[in-house]
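**Student:** What follows is a single structure, and I will ask about it in a moment.
The values are calculated or read from the model by the stated rules, or taken from the named source; none is laboratory data. Computed from a predicted model, the values in this text were never measured in an experiment. Cβ coordinates were reconstructed from backbone atoms using ideal geometry, including for glycine residues, and neighbour counts include every protein chain displayed. Only protein heavy atoms, including side chains, enter the accessible area calculation; ligands, DNA and RNA are left aside. Shrake-Rupley method; radii C 1.70, N 1.55, O 1.52, S 1.80 Å.
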Amino acid sequence: MKSTLVNMVLSLGVITVVAASALAGVYTLTKEPIAQAKAQKQQDAIGEVLPGIEFNNNPAAEATEVEINGETVTVFPARKDGELVGTAVESHDNNGFSGLITVMYGFDPAGVITGYAVMQHAETPGLGSKMGEWFCDPAHSIIGLDSNTSNLTVSKDGGDIDAITAATISSRAFLRSLTLAGQASQQFATQQ
């Protein structure tokens, strides 16, 4: 083919159409499996953050969005025979060291923290990424604390919680997300 403007435009046009078709095909093939994997991860996290709490409903099917101070979080109510026995709350904070963190927290009806599962983050490996283990370690655990009465800020800021070593920004984001989740859980529980 001769190198002319028309030939170059046609070649580029054909390549673009083929590439776009391929991308659309891959998207179509992967859309459903990705959605199923996300739903399964969410379901697993609900069970993980509510250990020992027996419920017989599907919390994901009853998910409710709650707005606290302009932020929206998702509350997953766990019920046993219609009675609220706990809540799983997917919360977030945009001010982690590397941006957004998303965490699922569990609470009993009184507001006591029953567990948590880190859903998404881009924190520094070996530092901020330790939040998955740090806050359930007996030396630094948030599990069992009352979200209504505990000072859920890092000790450096006058709070009750030890920050992850060399990752204070990530710790602050995790605890702000927890505070938001606790408020949402209590607001939801009082409306029941």
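**Student:** Within segment 1-42, track down each residue that is closer than 23 Å to residue 104 by Cβ and small (Gly, Ala, Ser).
**Tutor:** Scanning segment 1-42 gives 35, 37, 39.
**Student:** Given the criteria on the phi < 0 side of the Ramachandran plot and either within 15 Å of the chain's Cα centre (by Cα) or open to solvent by 10 Å² or more (accessible area, probe 1.4 Å) (or both), does residue 132 qualify? Talk me through it step by step, then tell me what you get.
**Tutor:** On the way: on the phi < 0 side of the Ramachandran plot: yes; either within 15 Å of the chain's Cα centre (by Cα) or open to solvent by 10 Å² or more (accessible area, probe 1.4 Å) (or both): yes.
Yes.
**Student:** How many of the residues making up segment 94-108 are in contact with a strand residue (DSSP E or B) (Cβ under 6 Å, 6 or more places away or on another chain) and either surrounded by fewer than 23 Cβ atoms within 10 Å (Cβ to Cβ) or on the phi > 0 side of the Ramachandran plot (or both)?
**Tutor:** The initial filter retains those residues of segment 94-108 that are in contact with a strand residue (DSSP E or B) (Cβ under 6 Å, 6 or more places away or on another chain), namely 94, 100-108.
Still in the running and either surrounded by fewer than 23 Cβ atoms within 10 Å (Cβ to Cβ) or on the phi > 0 side of the Ramachandran plot (or both): 94, 100, 102, 108.
Residues that pass the stated criteria total 4.
**Student:** Restricting segment 78-91 to residues that are touching a helix residue (DSSP H, G or I) at 6+ places or on another chain (Cβ under 8 Å) and buried (at least 21 other Cβ atoms within 10 Å of the Cβ), which is nearest to residue 174 (Cα to Cα)?
**Tutor:** That would be 91.
**Student:** Using the structure shown, decide if residue 51 is free of Cβ contacts under 8 Å to residues at least 60 places away in the same chain, farther than 19 Å from residue 174 by Cβ and not acidic (Asp, Glu). Show your work before the answer.
**Tutor:** Numbers: free of Cβ contacts under 8 Å to residues at least 60 places away in the same chain: no; farther than 19 Å from residue 174 by Cβ: yes; not acidic (Asp, Glu): yes.
Answer is no for this residue.
**Student:** Does residue 151 meet the test of being in contact with a strand residue (DSSP E or B) (Cβ under 9 Å, 6 or more places away or on another chain), assigned to a strand (DSSP E or B) and over 28 Å from residue 56 (Cα atoms)?
**Tutor:** Numbers: in contact with a strand residue (DSSP E or B) (Cβ under 9 Å, 6 or more places away or on another chain): yes; assigned to a strand (DSSP E or B): no; over 28 Å from residue 56 (Cα atoms): yes.
Judged against the criteria, residue 151 is not a match.
**Student:** How many residues does segment 29-72 contain that are open to solvent by 50 Å² or more (accessible area, probe 1.4 Å), of a type outside the set (A, V, I, L, M) and within 20 Å of residue 118 (Cβ to Cβ)?
**Tutor:** 9
**Student:** Quick one: residue 107 ticks every box in (1) under 16 Å from residue 190 (Cα atoms); (2) without any contact (Cβ under 8 Å) to a residue 40 or more places away in the chain; (3) hydrophobic (A, V, I, L, M, F, W, C) except a single one, so which number is it?
**Tutor:** Every listed condition holds for residue 107 apart from (2).
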